[in-house]
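The values are calculated or read from the model by the stated rules, or taken from the named source; none is laboratory data. In this text, all values refer to a predicted model and were calculated from it rather than measured experimentally. Ideal geometry is used to build each Cβ from the backbone, glycine not excepted, and the neighbour counts take in all protein chains shown. When the accessible area is computed, the model is the full protein with side chains, heavy atoms only, and any ligands, DNA or RNA have been set aside. Shrake-Rupley method; radii C 1.70, N 1.55, O 1.52, S 1.80 Å.
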Amino acid sequence: MPSLSLLFDIARAYASLSPDGRAFLRKHRPRSEKTHTPESVALLANRPSRLSLFRSLKTCDVEFARSVPASVCADTGRTRSSVYARFVPYAWISLELRTRLLTAYRIPPGADHDRQLILLTFVHREWNDALDTVPPDTLYRIVRSGESSEPRFRLLHHVAALSNALAERKGNFEKMFEIWGKAMDYYHRPFRPEDAAGYLEDKAALNAEIYAWTLLPEISPELSRILHPLYVWFLSLDDAADVERDRAADRTTYMTLAADPAEEIRKTLRRCEETVLRTAGADPEPLLLLMRSMTADVAAAIRGGRDIESDFFAGPDAPVNRNPSPSSP
């Protein structure tokens, strides 16, 4: 049974959200307490931790309300609430992870950096959703120029233009797209199963570079040492959450090749934890509390045959995972 304090904080956070935010939480609240891992229970039981989560959600909610007009969503054939469900949860996780990371390394965040991160996650989400049917080079041109006459790309054009304008004002537009250009090479790089681990490592290094140049106020030597293992963990988690979707689409990733994806993400977490404990300049426990919860939730979904995209990111209602994974508890 949740404590009265927890219920009060949830109710207060719920009341502070936009109508789209409240509708999202009503629809995507956990279907059963059985889906709660001990790690996610611990995350919410810690009051400073849950208040931080609610602040990040509110920040993303406000940015969505400011940046994503209903008319632009309608141009793409979608409702604003359906776009909210795709954009905000991923931005929420990204912002909260960054907030705890900066706190652990004693770096004060900035509002512009928060907004840049949120807008880039909106762009990233829209890009990924279009990628199954649209060539990446076409999407890159839209993101780089912020222009497209096709209604289906109106939302990608819109959020990319906002992100680009902020990057121009901050003076990191050219650097951001220099690194983004490197990322485009991955779409033309042959994926060989024997190179899967190296591919993941290279992507982590590239993501760390993007993070360092566009999303952080400063980079200390200690922080630079955590970014690569952090992104190995984060990308492993992302691939593991999508493992059944990727298998169904005959798409090969490091996780589709792994005998036990749940154990693999636990391994990347342990390696990242070791680096955090060795390099953090302040209390790392809030950061580790979040990372453990995210890892445990994905591992539990894999083991139980549940679909993270459907449960939390408003994917198709029918789960892709039809058979529970043999991953051990």
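What whole-number value in Å² describes the accessible area per residue of the stretch 16-134 for a 1.4 Å probe?
Per-residue accessible area for the stretch 16-134 comes out at 45 Å².
What the Cβ-Cβ distance of A15 and L131 gives, at R0 = 35 Å and to the nearest 0.05, is a FRET efficiency of 0.45. Per atom type, the stretch 34-189 shows carbon and sulfur on 56% of its accessible surface, probed at 1.4 Å. Here R247 and H188 are evaluated by their C-beta separation; at R0 = 22 Å the FRET efficiency comes out at 0.40. Only helices enter the 222 nm calculation for the chain: every DSSP H run of n ≥ 4 contributes -39,500 (n - 2.57), and dividing by all residues gives -23000 deg cm²/dmol, rounded to 500.
Considering only L290, L43, L277, give the residue with the highest GNM mean-square fluctuation for the chain, with springs between Cα atoms whenever their separation is below 10 Å. Result: L277 has the largest fluctuation of those listed.
Candidate cross-link partners of K170 among the lysines, defined by an alpha-carbon separation under 24 Å and a same-chain spacing of 8 or more, comprise K58, K182. Model label points for R78 and W180, set 7 angstrom from Cα along the Cα-to-Cβ axis, are 1.8 nm apart. Averaged over residues, the count of other Cβ atoms within 10 Å places the peptides 3-13, 62-72 in the sequence 62-72, 3-13, highest first. Computed from these coordinates, which is Rg and Dmax of the Cα atoms in Å: [x] 19.6, 61; [y] 19.1, 54; [z] 23.4, 73? Label [y] holds the value from this structure.
Across the chain, Cα pairs under 8 Å and at least six residues apart give a relative contact order of 20 percent.
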